[in-house]
Amino acid sequence: MRISEDFYSIQGEGFSQGVPAYFIRLQGCNLMCGGVGGEKVKSGEATWWCDTEAVWKQGKRVSNEELVDRIQEAGQLEQVLDGVTHMVWTGGEPTLPLHVSAITGFVNYMRNTYDGNSMFNEIETNATVHVKPYFYQGIIQQVNSSPKLSNSGVPDNMRINPRALKQVADHYNGWFKFVVTHREDVFEIKRDFIRPYNLPQSQVILMPGVDNLKELPEKTKLVYELAKEFGYRATTRGQILAWDKTTGV
């Protein structure tokens, strides 16, 4: 697989926030939120941009055996096999076909090598790629999707894929995490996602669109208040709160 970075940390966002996690960031993405280098933010077409762009554009080829060695060096192999430390596949976009094949190959390698293990695999996806049913049904235990709103600057026809959204909604542990920067974003979630595609409101999470510690309290308060008002879940960004970083922690 092509890995941009991998490291042991804590899941900072979403439904499993606070759970020990081994992150594998895979190289490449099919979207460019905020434009290259945040150019659409600077022009006013977007309110945020991808804070991991500089990382996921790079990558090195890593074998299954090498990745296991890295997990072991981090002192987490036993915890991963027991499902205590979650494997979190992120990007970039990990549902691209080559990544799906690589993740499937790794999980099957672990099942064959460590019989009876209880690995727990989370995937972080933009929900624009329809994957083979077996991948979500047999490989991934939790789907953390982050469909993009217009505040990402990505055109509608690139950021909304009904078939991919339905796959997440149908997953027994599927979640929709939306980046919110303004109150109006909540109405867009309802209009463009929940109503037309029958997404369960109980699976929707609001997350502040912020990448620095200075603005995090104010933006977290915004999503908390919106969650109270409209009945959604809300999450802050734990990696920024603890380390004021968006990658590598």
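The values are calculated or read from the model by the stated rules, or taken from the named source; none is laboratory data. The shown structure was predicted, so the numbers you read here are calculated from the model rather than taken from an experiment. Ideal geometry is used to build each Cβ from the backbone, glycine not excepted, and the neighbour counts take in all protein chains shown. Only protein heavy atoms, including side chains, enter the accessible area calculation; ligands, DNA and RNA are left aside. Shrake-Rupley method; radii C 1.70, N 1.55, O 1.52, S 1.80 Å.
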task: Kindly provide the set of residues from segment 107-121 that are at pLDDT 95 or above and open to solvent by 30 Å² or more (accessible area, probe 1.4 Å), ordered by number.
output: Asn108, Tyr109, Arg111, Asn112, Thr113, Tyr114, Ser118, Phe120
Within segment 235-249, tally of residues that are open to solvent by less than 10 Å² (accessible area, probe 1.4 Å) and either of a type in the set (Ser, Thr, Tyr) or not in a helix (DSSP H, G or I) (or both): 1
task: Identify, from the list Asn173, Asn161, the residue that is surrounded by fewer than 22 Cβ atoms within 10 Å (Cβ to Cβ) and touching a strand residue (DSSP E or B) at 6+ places or on another chain (Cβ under 6 Å).
output: Asn173
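On the given criteria, is His171 in contact (Cβ under 8 Å) with a residue 24 or more places away in the chain, of a type outside the set (D, E, K, R) and farther than 24 Å from Trp48 by Cα?
Numbers: in contact (Cβ under 8 Å) with a residue 24 or more places away in the chain: yes; of a type outside the set (D, E, K, R): yes; farther than 24 Å from Trp48 by Cα: yes.
Spelling it out, His171 is indeed in contact (Cβ under 8 Å) with a residue 24 or more places away in the chain, of a type outside the set (D, E, K, R) and farther than 24 Å from Trp48 by Cα.
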Where a residue in segment 64-90 is surrounded by fewer than 13 Cβ atoms within 10 Å (Cβ to Cβ) and its partner, wherever it lies, is of a type outside the set (S, T, N, Q), with Cβ under 6 Å and at least six apart: none
task: Identify the single condition in (1) at positive phi; (2) open to solvent by 50 Å² or more (accessible area, probe 1.4 Å) that Gly38 does not satisfy, given that it satisfies every other one.
output: (2)
- prompt: Would you pick out the residues in segment 27-78 that are touching a Phe, Trp or Tyr at 6+ places or on another chain (Cβ under 7 Å) and over 26 Å from Asp185 (Cβ atoms)?
  reply: Gln27, Gly28, Asn64, Leu67, Ile71, Ala74, Gln76
task: Kindly list, by first and then second residue, each pair from a residue in segment 94-123 that is under 16 Å from Arg2 (Cα atoms) to a residue that is acidic (Asp, Glu) and open to solvent by 30 Å² or more (accessible area, probe 1.4 Å), limited to pairs with Cβ atoms under 8 Å and residues at least 6 apart or on different chains.
output: Pro94/Glu124
- request: Could you tell me which residue of segment 122-156 is most open to solvent (accessible area, probe 1.4 Å), considering only residues that are over 23 Å from Val19 (Cα atoms) and of a type in the set (S, T, N, Q)?
  value: Ser150
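Out of all the residues in segment 212-234, is one or more hydroxyl-bearing (Ser, Thr, Tyr), at pLDDT 95 or above, open to solvent by less than 80 Å² (accessible area, probe 1.4 Å) and touching a Leu at 6+ places or on another chain (Cβ under 7 Å)? Break it down stepwise before answering.
Applying the first criterion (hydroxyl-bearing (Ser, Thr, Tyr)) to segment 212-234 yields 220, 224, 232.
Right, trim to at pLDDT 95 or above and you get 220, 224, 232.
Pick out the ones that are also open to solvent by less than 80 Å² (accessible area, probe 1.4 Å) and you get 220, 232.
Within this subset, residues satisfying the condition of being touching a Leu at 6+ places or on another chain (Cβ under 7 Å) are 232.
Scanning segment 212-234, I find at least one residue that is hydroxyl-bearing (Ser, Thr, Tyr), at pLDDT 95 or above, open to solvent by less than 80 Å² (accessible area, probe 1.4 Å) and touching a Leu at 6+ places or on another chain (Cβ under 7 Å), so the answer is yes.
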